[in-house]
Amino acid sequence: MRSPSGAIAGRIVGKFPLRRPDFTEGNRIRLLESSQHYFPALLAAIAAARRLVHLETYIFADDRTGRSVVEALADAARRGVQVRLLIDGFGGGDFARRLAASLPQAGAQVRIYGPEHWWRPRPRLLRRLHRKLVVIDDRLAYLGGINVNDEPERDEFTGEPIGPRLDVAVECEGPIVAAIAFAMRRLWWAVAVADWGGASEPPARRVRPTQPVQGGLRAALVLRDNLRHRHSIERSYLRSFRSARRQILVACAYFLPGRRFRSALVGAARRGVRVRLLLQGRIEYRLQHYAQRALYGRLLDAGIEIHEYRSSYLHAKVAVVDEEWATVGSSNIDPLSLLLAREANVVVLDRAFSAELGGLIESAIRTHSRQLHATDYARRSWAARVTDWIAYGLVRAATVLLARGNNY
């Protein structure tokens, strides 16, 4: 099986673009906090599937969690369910290549997005498939930030025992599932065509929406790619921030926003909006960790609260504005997600859902984080300041060079 090129796939998808994200009424959106709630729901849904299981992921690890999902997919394929698995070539690594060889024996289809080889580097290495999407029988969908891998047991740098990541996904029913299913089928088709082996495969067709759920929510799928939807997710954030009147709550694992994003947050704080950021408190990737800390000064000076999550690794990518607007998805607020990778978020306009998600963030702030005060930040050593700004300079230079991100 030859592996497809994510770059070619991106150009093909651009010729058949999705319309602007549309809000639909009558959706049931259920919040799933962490892998302990997500994977039991996912595995049960795969076990109950009758026609289709379609899964996209960035990381698919060869561990206990990964093997349990492989077994569920293989079982579904053996009972006649159409099983499609699309894995990013970098995040999936060697295990993705092994799955591409083994799972078809059970009747499943596996494709790899943008495979990477050390002997054949590509200039578009960082344009990854970072979405985490699942569709079951075109009636049920999962979307969020949770990869297919085990929870960490220890801090990678300190060796300290830690709990599960703080991460979030949603389970969706209703008309929004059709939008998710169509987005996944478009990319599946594009990857096949890019591999030159699937040129005879018919283009993806739109999926007929299911009936609205009585009393359901208003929600929309928001995608990011490197063509028509290059800034869609960032713009959805900016619109909500600029209209905020009471509060903004953001929980984000990797937070390195551009000038427009930072200005929107500062502008909201200056007009009296309470802005709280729950950010990574542990070192997971050193360069990212120190680079984002270089930006804290202006935010703190504007009255924005920064809380650093300490119990484990933060991996969520969620936000709530004015208890009315909420988003959950795969997109971080950094150059990789906002300028390079394929991402998928859901935006929900509903007070009850926003209150539930806001409560989750506020609970993490109260019980598992430590607030960084402006006075403490100002007392950093010169060595810490130099380290932060060198890291930020490196990230900014890479962003301008690789992603044409002059906003950074």
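Here region 184-233 is the region considered, the condition is being touching a Pro at 6+ places or on another chain (Cβ under 7 Å) and charged (D, E, K, R), and the residue that is modelled with the lowest pLDDT is D195. No other residue among R293, R286, R228 is more than 30 Å from R385 (Cα to Cα) and charged (D, E, K, R) apart from R228. Within region 12-29, can you find the residues that are surrounded by 14 or more Cβ atoms within 10 Å (Cβ to Cβ) and either in contact with a Phe, Trp or Tyr (Cβ under 9 Å, 6 or more places away or on another chain) or at pLDDT below 50 (or both)? Once the filter is applied, which keeps residues that are surrounded by 14 or more Cβ atoms within 10 Å (Cβ to Cβ) and either in contact with a Phe, Trp or Tyr (Cβ under 9 Å, 6 or more places away or on another chain) or at pLDDT below 50 (or both), region 12-29 yields I12, V13, G14, L18, I29. Of all residues in region 333-364, exactly one satisfies the criterion of being under 19 Å from L238 (Cβ atoms) and surrounded by fewer than 19 Cβ atoms within 10 Å (Cβ to Cβ), namely L349. Taking G66 as the residue in question, decide whether it is at pLDDT below 95 and either surrounded by 21 or more Cβ atoms within 10 Å (Cβ to Cβ) or assigned by TED's automatic domain parsing to the domain that holds D137 (or both). No. In this structure, D150 does satisfy being at pLDDT 95 or above, surrounded by fewer than 18 Cβ atoms within 10 Å (Cβ to Cβ) and under 23 Å from the mean Cα position of the chain (by Cα).
Determine whether region 223-245 contains at least one residue that is β-branched (V, I, T) and in the same structural domain as V348 (by TED's automatic domain parsing). For region 223-245, residues β-branched (V, I, T) and in the same structural domain as V348 (by TED's automatic domain parsing): present.
Which one of these is closer than 30 Å to R351 by Cβ and of a type outside the set (A, V, I, L, M, F, W, C): R228, R260? Write out each step before concluding.
On the way: R228 fails: closer than 30 Å to R351 by Cβ.
The match here is R260.
Residues of region 279-330 that are assigned to a loop (DSSP other than H, G, I, E, B) and of a type in the set (G, A, S): G281, A294, A302, G303, S311, S312, A316, S330.
The values are calculated or read from the model by the stated rules, or taken from the named source; none is laboratory data. Since this is a predicted model, take the numbers as computed values, not measurements. Please note: Cβ atoms are built from the backbone with ideal geometry, for glycine as well, and neighbour counts cover all protein chains shown.
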